[in-house]
Amino acid sequence: MFEVIQIRLREGGKTQYFELGNTKPKIGDNVIVEADRGLDYGEAISAVESVPKLTGEEPVRKILRIATAADLDQIKKNREKTREAFTTCQKKILEHGLKMKLIEAEYSFDRSKLLFYFTADGRVDFRELVKDLARIFKARIELKQIGVRDEARLLGGFGPCGKALCCATFLKDFEPVTIKMAKEQNLPLNPAKISGVCGRLMCCLGYEHKLYVELLRGLPKEGDRINAEGASGKVVSVNALKRAVTLDCGEGKFVEIPCGCPQACKLHIRKK
């Protein structure tokens with residue numbers, strides 16, 4: 001067994017496991033890590049985990065140290081140089097007439113690699129652009145096409161809840177989100193109401209889904225007819241959080257029936 005921790009590389013990089021070695025970073029600490037070619041930096045975003053040594057798998061790289069004051073100063077300078085690189089790359093994109101939208105640029109810690117993130121409607125032949133950029137910056141150039149969800153994570157912002165975007169703060173990876181999840185949470189199927197700033201279904205629908213599945217277990221569905229103590233009628237709405245259903249008993253009479261916990265729900269259901 002050996003100890004690992006999840007690190008989010010740079011501001012917009014992917015999340016990877018790194019071996020602790022002799023360092024003991026805490027969540028939120030900036031660290032310097034081994035990279036493909038040279039050094040890189042990132043932020044610790046998980047607690048320590050113990051995992052078995054795996055054979056035949058890609059080796060887990062090591063955390064070299066918790067970032068020092070000098071390291072943080074280097075990262076700050078890299079960000080300043082990144083802004084210059086971003087402007088230069090935008091000009092070169094226009095010169096080459098490429099149909100792509102530049103989103104972000106990032107230097108690796110030791111400036112051996114310069115990454116550019118972009119969006120485009122289809123594939124883009126950027127080989128000549130890479131050659132130009134490599135001549136200018138004297139570094140390994142990587143252009144990465146991303147989707148709208150990654151764009152939102154890189155640029156940041158605030159969701160409908162008023163808080164910073166989940167993808168830009170604590171979410172490690174993008175999980176599939178479906179319209180069925182919105183239906184099970186009894187949300188209005190209005191794209192403007194259930195979509196994030198990226199235009200896709202809100203990520204929070206996904207990580208709240210398991211709770212709703214549990215709370216809905218044993219509850220009747222809308223349209224079912226049920227008999228309960230003191231009431232009988234057609235289910236017109238289901239409230240998963242309250243574990244209750246509203247019945248239309250006819251003649252304009254509506255009654256809310258509590259169902260208790262999933263194990264204790266004993267309504268007699270007759271299908272619609």
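The values are calculated or read from the model by the stated rules, or taken from the named source; none is laboratory data. None of these values were measured; they are calculated from a predicted model. Counting neighbours? That spans all protein chains shown, and the Cβs are built from the backbone with ideal geometry, glycine included. Just so you know, the surface numbers come from the protein's heavy atoms only, side chains and all, with ligands and any DNA or RNA stripped out. Shrake-Rupley method; radii C 1.70, N 1.55, O 1.52, S 1.80 Å.
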Could you tell me which residue of the stretch 222-233 is nearest to LYS180 (Cα to Cα), considering only residues that are crowded, with 17+ Cβ neighbours inside 10 Å and either aliphatic (A, V, I, L, M) or in contact with a helix residue (DSSP H, G or I) (Cβ under 7 Å, 6 or more places away or on another chain) (or both)? ILE226
Exactly one of CYS161, CYS167 is of a type in the set (A, V, I, L, M, F, W, C), at pLDDT below 90 and closer than 17 Å to GLU104 by Cα, and that one is CYS167
Just for the stretch 1-33: of the residues that are over 27 Å from GLY147 (Cα atoms) and of a type in the set (Asp, Glu), which one is surrounded by the fewest Cβ atoms within 10 Å (Cβ to Cβ)? GLU3
Residues (open to solvent by 30 Å² or more (accessible area, probe 1.4 Å), closer than 15 Å to LEU241 by Cβ and either of a type in the set (Val, Ile, Thr) or part of a helix (DSSP H, G or I) (or both)) located in the stretch 185-221: CYS204, GLU208, HIS209, LYS210, LEU211, TYR212, VAL213, GLU214, LEU215, LEU216
For THR178, are the conditions met, namely being under 30 Å from GLY218 (Cα atoms), surrounded by 11 or more Cβ atoms within 10 Å (Cβ to Cβ), out of contact with any Leu (no Cβ under 6 Å at 6 or more places or on another chain) and among the hydroxyl-bearing types (Ser, Thr, Tyr)? yes
Give the residue that is nearest to GLY162 (Cα to Cα), with candidates limited to residues of the stretch 222-241 that are touching a strand residue (DSSP E or B) at 6+ places or on another chain (Cβ under 7 Å) and assigned to a loop (DSSP other than H, G, I, E, B). GLU222
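What is the residue count in the stretch 148-160 for residues that are in a loop (DSSP other than H, G, I, E, B) and either free of Cβ contacts under 8 Å to residues at least 24 places away in the same chain or open to solvent by less than 60 Å² (accessible area, probe 1.4 Å) (or both)? Talk me through it step by step, then tell me what you get.
Looking only at the stretch 148-160, we keep the residues that are in a loop (DSSP other than H, G, I, E, B), and these are 156-157, 159-160.
Checking which are either free of Cβ contacts under 8 Å to residues at least 24 places away in the same chain or open to solvent by less than 60 Å² (accessible area, probe 1.4 Å) (or both) leaves us with 156-157, 159.
Counting residues in the stretch 148-160 that are in a loop (DSSP other than H, G, I, E, B) and either free of Cβ contacts under 8 Å to residues at least 24 places away in the same chain or open to solvent by less than 60 Å² (accessible area, probe 1.4 Å) (or both) gives 3.
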Return the pair list, or none, for Cβ contacts closer than 6 Å from residues in the stretch 25-38 that are under 17 Å from LYS76 (Cβ atoms) and free of Cβ contacts under 8 Å to residues at least 60 places away in the same chain to residues that are of a type in the set (D, E, K, R) and surrounded by 10 or more Cβ atoms within 10 Å (Cβ to Cβ), at least 6 apart or on different chains. ASN30/GLU43
